[in-house]
Amino acid sequence: MKVKQLQLQNYGRFDDLTMEFAPNGGTKGNVTIIVGNNGAGKSQILQALATGFSWFVGGIKDESNGLDIDENLIKNNSDETQITFDVDFGEYDYRNHAGMLGISRWNIVKIRGGKIGKFSNYHKELKKVIKNYRYAFTNNDNLSFPLIVFYTIKRSGMAQFINQNSPLKDQLKGYDYALDYGVDFNAFFDWLKELEDIENADIVNEIRKQKGDDYLYLLNNFKELNQLFEELNQQIKGEKDEEVLELLRESRADLIEQMTGMEMEISKGLQLKIDSMQSDYVNINAKTIRLAIERFTDFRNIRIERKGTPKMVVEKDGEKLDVNQLSQGEKSLLALVGDIARRLAILNPSLDNPLQGEGVVLIDEVDLHLHPKWQQNLIDKLTKTFPNVQFILTTHSPHIVSDNPDVLVYILDNGELRQYHNAYGEDVNTLLNGVFGVSERTPEIAEKFKMIGDYIGDKQLDNAKNLIDELSQILPKNHTHLLRTQLTWAKAKLDQSKEV
């Protein structure tokens, strides 16, 4: 599933905005990035997408309606707003026959109270898609569903405790709180704890059952051997002849060895079964999130410790740490990646690797709390860890924008959208100026350097020297641009002296 196009009419800051998303004709990757000043409307685009997808999620779960558009989002001087979506649901195994659902369009309308508008809701194609999914799910409990989730800037970083009564086995719980604008990551930690609880409980129950079955097996099948064993004991107690006594003792020893060997064989088989259970369960579930987290971070062996209050721990550089000992950026990334992996695992129970699941992930300010080093390869890690997920992101970071060659970058300014080409590999200063509209230096310092350049160009070298001396008093001695400017001035001075 992929979003192809979004149209906003009289919505928020937008009169009439049409926006396409990667992958498209010019971009092969699955990542679209939106940049712009605070208040430019980046979050409103993500909110509109979340509102649209909520109608799909609501219909799938219980045939309910999705989120309503907030009346405050109707553009000033307008009485109505409309959001229109084109979503490609792609290939689909409907009634066990491969087919195509293709691109479906639906729209959502909001009209001010008491007003009459010209827009109207259209959900016919969406309802058909929902009906197909629900029919297929009725006939196949292991049907894969697309991931849909929106992470706002309100996303929390880490749970302070683990909820001990939070069952998360149901497949459609992969959609719980996915589009509520303030996703609670505690569910990720609850889910991991439940995985381990189920794993441990299944093993204990199997041991109890197997031991009980084996005990009955021994009683039923060794009844005659037990009788013989008792008879041998009685004969040994009453026998006086040493030769006969020795034969009886040898027979009893052979019998004990035979029964012990059978018990050991049963015990060995039980252990093999337990090992198999552990391997299968971890491979399908917990291994999914552990693999995702290890790809993103330096953390290893993420798990729940139950001594006292349950808590999540990880190993970092060989040291065991409570997750609440991690930095805010580490916790934020751990929770984000863990929650995506958790939802994919729940929604795709039949996949050998749930990280291959499809879907759409919306993340507002994806660089939130992240060190620039982590920002630099974030897109690459997202696309490699979740290769079939479409990501639509907003950011204030030039490192995010230049991270990958196959991303679609939009610049949003005063309600207008324009595409920025070839951001991959650009240096930070170029992106700050060209994409984010930010000077690479403090405006006052930048203005002085500009004046120096103008003075040198006009051969007013004394004025230029005065400004250079002024900057030398307030900037570091090894300031790169200041050193270059001093060399430029010296060359101009030399050229001027040759002219005399």
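Please pick out the residue among Lys61, Lys4 that is among the basic types (Lys, Arg) and either at pLDDT 95 or above or within 22 Å of Pro405 (Cβ to Cβ) (or both).
Working: Lys61 fails: either at pLDDT 95 or above or within 22 Å of Pro405 (Cβ to Cβ) (or both).
Checking each option against the conditions leaves just Lys4.
Counting only residues that are out of contact with any helix residue (DSSP H, G or I) (no Cβ under 6 Å at 6 or more places or on another chain) and more than 24 Å from Ser120 (Cβ to Cβ), how many does segment 34-57 have?
Final tally of qualifying residues: 9.
Return the residue satisfying two criteria in turn: it lies in segment 14-44 and is in contact with a Lys or Arg (Cβ under 9 Å, 6 or more places away or on another chain) and surrounded by fewer than 20 Cβ atoms within 10 Å (Cβ to Cβ), and of such residues it is nearest to Glu358 (Cα to Cα). Break it down stepwise before answering.
Restricting attention to segment 14-44, the residues satisfying the condition of being in contact with a Lys or Arg (Cβ under 9 Å, 6 or more places away or on another chain) are 14-15, 20-24, 30, 34-36, 39-41, 44.
Keeping just the survivors that are surrounded by fewer than 20 Cβ atoms within 10 Å (Cβ to Cβ) gives 15, 20, 23-24, 39, 44.
On the way: Asp15: 32, Glu20: 19, Pro23: 14, Asn24: 17, Gly39: 31, Gln44: 24 Å.
Among those residues, the one meeting the criterion is Pro23.
Return the total of residues in segment 288-345 being of a type in the set (D, E, K, R), within 18 Å of His371 (Cβ to Cβ) and surrounded by fewer than 21 Cβ atoms within 10 Å (Cβ to Cβ).
In the first step, residues of segment 288-345 are kept if they are of a type in the set (D, E, K, R); the result is 290, 294-295, 298, 300, 303, 305-307, 311, 315-317, 319-320, 322, 330-331, 339, 342-343.
Those still in the list that are within 18 Å of His371 (Cβ to Cβ) too: 295, 298, 316-317, 330-331.
Filter once more, keeping what is surrounded by fewer than 21 Cβ atoms within 10 Å (Cβ to Cβ): 295, 298, 316-317, 331.
Residues in segment 288-345 being of a type in the set (D, E, K, R), within 18 Å of His371 (Cβ to Cβ) and surrounded by fewer than 21 Cβ atoms within 10 Å (Cβ to Cβ): 5 in total.
Yes/no matrix, rows are residues, columns are (1) farther than 12 Å from Ile83 by Cα; (2) modelled with pLDDT of 90 or more; (3) within 23 Å of the chain's Cα centre (by Cα):
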position	(1), (2), (3)
Phe14	no, yes, no
Leu17	no, yes, no
Asn24	yes, no, yes
Gly36	yes, no, no
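If you scan segment 366-388, which residues turn out to be part of a loop (DSSP other than H, G, I, E, B) and touching a His at 6+ places or on another chain (Cβ under 7 Å)? Working first, answer last.
Step one: filter segment 366-388 for residues part of a loop (DSSP other than H, G, I, E, B), giving 366-371, 377, 386-388.
Within segment 366-388, just Asp367 meets the criteria.
Kindly provide the set of residues from segment 45-88 that are surrounded by fewer than 18 Cβ atoms within 10 Å (Cβ to Cβ) and assigned to a helix (DSSP H, G or I), ordered by number.
Once the filter is applied, which keeps residues that are surrounded by fewer than 18 Cβ atoms within 10 Å (Cβ to Cβ) and assigned to a helix (DSSP H, G or I), segment 45-88 yields Gly58, Lys61, Asp62, Glu71, Asn72.
I need the full set of residues from segment 40-77 which are farther than 13 Å from Ile392 by Cβ and hydroxyl-bearing (Ser, Thr, Tyr), in order please.
Residues satisfying the conditions are Thr51, Ser54, Ser64.
What number of residues in segment 316-331 are over 24 Å from Ala345 (Cβ atoms), of a type in the set (D, E, K, R) and part of a helix (DSSP H, G or I)?
The number of residues fulfilling the criteria is 0.
Which one of these is more than 40 Å from the chain's Cα centre (by Cα) and either not assigned by the TED database to the domain that holds Gln376 or not aromatic (Phe, Trp, Tyr) (or both): His421, His481?
Details: His421 fails: more than 40 Å from the chain's Cα centre (by Cα).
Only one candidate qualifies: His481.
Table: residues versus (1) modelled with pLDDT of 85 or more; (2) of a type outside the set (Asp, Glu); (3) within 28 Å of Met1 (Cα to Cα).
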{"position": "Phe296", "(1), (2), (3)": "no, yes, yes"}
{"position": "Ile304", "(1), (2), (3)": "no, yes, no"}
{"position": "Asn324", "(1), (2), (3)": "no, yes, no"}
{"position": "Asp339", "(1), (2), (3)": "yes, no, yes"}
{"position": "Ala345", "(1), (2), (3)": "yes, yes, yes"}
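Within segment 452-493, can you find the residues that are assigned to a loop (DSSP other than H, G, I, E, B) and either more than 22 Å from Leu431 (Cα to Cα) or charged (D, E, K, R) (or both)?
Within segment 452-493, the subset assigned to a loop (DSSP other than H, G, I, E, B) is 458-460, 475-479.
Those that are assigned to a loop (DSSP other than H, G, I, E, B) and either more than 22 Å from Leu431 (Cα to Cα) or charged (D, E, K, R) (or both): Asp458, Lys459, Gln460, Leu475, Pro476, Lys477, Asn478.
So Leu101 ticks every box in (1) touching a strand residue (DSSP E or B) at 6+ places or on another chain (Cβ under 8 Å); (2) surrounded by fewer than 17 Cβ atoms within 10 Å (Cβ to Cβ); (3) at pLDDT below 90 but one. Which box is left unticked?
So Leu101 meets the others, but not (2).
Given the residues Phe436, Phe449, Phe391, which is the only one that is assigned to a strand (DSSP E or B) and of a type in the set (Phe, Trp, Tyr)?
Working: Phe436 fails: assigned to a strand (DSSP E or B); Phe449 fails: assigned to a strand (DSSP E or B).
Exactly one of Phe436, Phe449, Phe391 is assigned to a strand (DSSP E or B) and of a type in the set (Phe, Trp, Tyr), namely Phe391.
Can you tell me which residue in segment 285-315 is nearest to the chain's Cα centre (by Cα), limited to those that are in a strand (DSSP E or B) and of a type in the set (Val, Ile, Thr)? It would help to see each step written out before you state the result.
Step one: filter segment 285-315 for residues in a strand (DSSP E or B), giving 299-305, 311-315.
Keeping just the survivors that are of a type in the set (Val, Ile, Thr) gives 302, 304, 313-314.
On the way: Ile302: 16, Ile304: 20, Val313: 19, Val314: 18 Å.
The extreme case among them is Ile302.
The values are calculated or read from the model by the stated rules, or taken from the named source; none is laboratory data. If you're wondering where the values come from, they're calculated on a predicted model, not measured in any experiment. Positions of Cβ are generated from backbone atoms using ideal geometry, with glycine treated the same way; all protein chains shown enter the neighbour counts.
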